[in-house]
Amino acid sequence: MSESVLLALRGASFAYEDGPPVLGGLDFEVREGRALALLGRNGSGKTTLMRLLSGGLRPDDGELTVEGRPVRYDRTGLTALRTTVQLVVQDPDDQLFAASVGQDVSFGPLNLGLSDTEVRARVAESLAALDITALADRPTHLLSYGQRKRTAIAGAVAMRPRVLILDEPTAGLDPDGQERLLATLDGLRENGTTVVMATHDVDLALRWADDAALLTPSGAHTGPAADVLARTDLLAAAGLRLPWGVAVGRLLRAQGLVTGSAVGPRSPEELAALVTASVTGGDAHVP
């Protein structure tokens, strides 16, 4: 899968009116085909960064590029950007407004001026991808929280973006809802959508993401998730704790129970496999 830079901010700075700078001289890249977790303490600029990436805000300095081409902030340029990048905010009630699920999901495609046939196809495709086809005619005010989350994401998916940015998508979901949503995101990725997820959950980030970006006062630090999330200095600067998988991996390695340079298990399943291997004398190397 390609890992070329699809979306990037170059030297981007931003401050809200009458407020202090939120981001200054920021360089930030989203690589195609890589699941990216965005982490940082409250007030670190995550929401601002996501809105800059999706065109909801314009940098005071610097530029936003798509495949190396600067974004134009006129009607044509922003329309093109929003067919490439879609942002789903944390609270679905801030995004849902139509009477029914199907109507809400159809809003974006209709605004693109697509034919009724194409709009219906996109709505059906998006509802199926989010496993909410049966809810097409359900009034949005009768949905559960998890169903509202999925509907909001379906509305973004109906635009067929190349980059889907999600702000705390698992927040408020029970464990089963989280697992179902992660499976849905895996399906979207398999079909070519690059997913960026803002989260405070370092364990989820370690398990799910290919890359992690930590926002600290010194800027954004991005790299392979297993490497970035093992940096205790960066985690402290971002107001985050060490993921349990990294901590367990260090303990197992110190006891000579695993070998290799990896930071440790990324999921409970990997931990179980390591423990089983150590007990049975099998290969306990962490890939």
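The values are calculated or read from the model by the stated rules, or taken from the named source; none is laboratory data. Quantities reported herein were computed from a predicted structural model and do not represent experimental measurements. Every residue, glycine among them, receives a Cβ derived from its backbone with ideal geometry; neighbour counts consider all protein chains shown. These accessible areas exclude ligands, DNA and RNA; they are computed on the full protein's heavy atoms, side chains included. Shrake-Rupley method; radii C 1.70, N 1.55, O 1.52, S 1.80 Å.
For this structure, a couple of remarks:
- Extension gain for Ser13 to Ala272 (0.36 nm times residue separation, less C-alpha to C-alpha distance): 88.7 nm.
- The protection proxy used here, the mean number of other Cβ atoms lying within 10 Å of each residue, ranks peptides 131-140, 219-228 as follows, highest first: 219-228, 131-140.
- Distance between the stretch 198-257 and the stretch 1-45 - C-alpha centres, whole angstrom: 18 Å
- Dividing the summed helix terms, -39500 (n - 2.57) for each DSSP H run of n ≥ 4, by the number of residues in the chain produces a 222 nm estimate of -11500 deg cm²/dmol to the nearest 500.
- Ala220 long-range amide H proximity, modeled H, under 5 Å: Asp27
- Listed peptides 49-62, 146-159 appear in the order 146-159, 49-62 once ranked by packing, highest mean of other Cβ atoms within 10 Å at the front.
- Positive-end ranking of Gly62, Phe107, Gln147 along the dipole of the stretch 1-149, with charges on Cβ about the Cα centre, is headed by Gln147.
- With R₀ set to 22 Å, the beta-carbon distance separating Thr117 from Asp74 gives a calculated FRET efficiency near 0.15.
- Karplus-derived 3J(HN,Hα), 6.51/-1.76/1.60, for each residue of the stretch 97-108, Hz, glycine and proline x: 8, 7, 6, 10, 4, x, 5, 5, 5, 7, 4, x
- For the stretch 1-95, the carbon plus sulfur part of the accessible surface works out to 43%, probe radius 1.4 Å.
- Dipole magnitude of the stretch 119-236, debye to nearest 20 (Cβ charges: Lys/Arg +1, Asp/Glu -1, about Cα centre): 580 debye
- The angle between the Cα long axis of helix 145-157 and the main principal axis of the chain comes to about 70°, on a 0 to 90 degree scale.
- Once the 1.4 Å probe is applied to the protein heavy atoms, the chain comes out at 47 Å² accessible per residue.
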